[in-house]
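Chemist: Following this message is one structure expressed as structure tokens.
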Amino acid sequence: MSQFKVFVTRRLPVDFTALEQIATVEVWQERQPPPYEVLLEQVKQVDGLLCLLTDPIDRPLIEAATTLKVISQMAVGYDNIDILAATARKILVGHTPGVLTDATADLTWALIMAAARRVVEGDRFTRSGQWTTWEPDLLLGPNITGATLGILGLGRIGQAVAQRARGFAMRVIYHSRHRCPPDLEQSLGIEYSSFAHLLQVSDFITIHTPLSEDTHHLFSDAQFEQMKSSAILINTARGAIVDPDALYRALSRGQIARAALDVTEPEPIPMESPLLTLDNLIITPHIGSASVQTRRKMAEMAIANLIAGLNNQVLPNCVNPAVYSWEQGTGDGLQGSSTTF
Ligand code: DGY
């Protein structure tokens, strides 16, 4: 008989056999996430939860989860989970860093290039029958080669974006909470910058910082006012880092030239959002990690974290390792709630 009960909040591209050796596994079968009430009922009965960034794992839910030992999130970001509440209840939280770095950096570059060279506008233009001749000034955009790229947040994904910029002979500047060691700056060919300077001089700004109280609406009116009118903003991190109303004002008034978002606030973007009326904005539906291989690896890592947590083993990728020290009486249990994207 299976020892444990597990709820998985969506169908995943992975084999559950190993998990099923130790647990009864219930998988939510709908395309849409389970409603909050369903999650709440489930967490009262299960030992393990495998969830996605669309599942709000908040304090009331965690406090109702009296049997829950491990929350395994299939994502690197975990701003949908109240980590302090989980840690206080000694519930381990796992995530999937590393495996999605390249896929997300690749999509960031796809958006940089699509926004600069107006690929989506060009496609719309063609399909609507407006391509009637070659025109000297049709759909002009800025050079990418030789431009200045500003990277906000230099975790794994920020670094992978910087590596790719070398092929474009760009000047790459970055701003991060902590300045990285000089040898890393040198090997990536990047320069540290204040946030204000990065805003002022970058031709492209790409966001790779986690969402936190500090980064919520980090891009708002005051920041757009400092940016070049030719600047292009890319966000593949979390939607709420950019204030959507301020972005609309900046794009519609020509305060910045263009933006490309893979993440929005809220998600999905409401169809009545004024942002959807803008031609100088590209929006993709949070597909940064959406390569076949990456999604499979993320699911495998999430299962590995879950199995380890159920078996009282150390999670291969734990967000709140303070739970271990707390259990051993050596910590206050409230550390370990930050990540690098
Ligand atoms: C993550 O993992 O946090 C991404 O946003 C989704 O892959």
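Chemist: Quote the convex hull volume per residue of the range 232-286, based on C-alpha atoms, as a whole number of Å³.
Modeler: Normalising the Cα hull of the range 232-286 by residue number yields 67 Å³.
Chemist: Place a +1 charge on the Cβ of each Lys and Arg in the chain and a -1 charge on the Cβ of each Asp and Glu, then give the dipole magnitude about the Cα centre in debye, rounded to the nearest 20. Mind dumping the intermediate values first?
Modeler: On the way: 27 positive and 36 negative charges, 128 e Å.
Using Cβ point charges on Lys, Arg, Asp and Glu, the chain gives about 620 debye.
Chemist: A further question on this structure: So, with +1 on the Cβ of K and R and -1 on the Cβ of D and E, and no other charges, what is the size of the charge dipole of the range 56-214 about its Cα centre, to the nearest 20 debye?
Modeler: The dipole magnitude comes to about 320 debye.
Chemist: Could you work out the helix-only [θ] at 222 nm for the chain, with each DSSP H run of four or more residues adding -39,500 (n - 2.57) and the total divided by the number of residues, to the nearest 500 deg cm²/dmol? Before the final figure, lay out each step's value.
Modeler: Numbers: 13 runs with 115 residues, N = 341.
So the calculated ellipticity at 222 nm is -9500 deg cm²/dmol.
Chemist: Moving to a separate point now. Enter the Cα centre distance for the pair the range 134-160 and the range 257-321, rounded to the nearest angstrom.
Modeler: 23 Å
Chemist: Of Trp28, Trp134, Trp109, which has the largest mean-square fluctuation in a 10 Å C-alpha GNM of the chain?
Modeler: Highest fluctuation of the listed residues: Trp134.
Chemist: Show the residues, 5+ positions off or on another chain, whose built amide H is closer than 5 Å to the amide H of Leu233.
Modeler: Ile205, Arg258, Ala259, Ala260
Chemist: Something else now. Which one, Tyr248, Leu68, Leu233, projects farthest toward the positive side of the charge dipole computed for the chain from Cβ point charges (K/R +1, D/E -1)?
Modeler: Leu233
Chemist: In whole Å, what are the Cα extents of the range 197-250 along the three principal axes, biggest one first?
Modeler: Rounded to whole Å, the extents work out to 27, 20, 17 Å.
Chemist: P(r) tail for the range 142-206, what percent of Cα pairs lie past 18 Å?
Modeler: Of all Cα-Cα distances in the range 142-206, 25 percent exceed 18 Å.
Chemist: Compute a Gaussian network model of the chain, connecting alpha carbons closer than 10 Å, and tell me which residue from Thr17, Thr96, Thr148 fluctuates the most.
Modeler: So, out of Thr17, Thr96, Thr148, the one fluctuating most is Thr17.
Chemist: Take the alpha-carbon positions of the chain, form their convex hull, and give its projected area averaged over all directions (one quarter of the hull surface) in nm².
Modeler: Value for the chain: 19.4 nm².
Chemist: Could I ask something else about it? Could you point to the residue in Leu49, Thr145, Gln3 farthest towards the positive end of the chain's charge dipole, with +1 and -1 charges on the Cβ of Lys/Arg and Asp/Glu respectively?
Modeler: The Cα lying farthest towards the positive end belongs to Thr145.
Chemist: On average over all directions, what projected area in square nanometres does the range 101-283 have, based on the convex hull of its Cα atoms?
Modeler: Values: hull surface 43.2 nm².
Average projection, Cα convex hull of the range 101-283: 10.8 nm².
Quick note: the coordinates plus some simple rules give every number you see, no bench work behind them. Everything numeric in this text was worked out from a predicted model, so none of it was measured. As a convention, Cβ positions derive from the backbone with ideal geometry for all residues, glycine included, and neighbour counts pool all protein chains shown.
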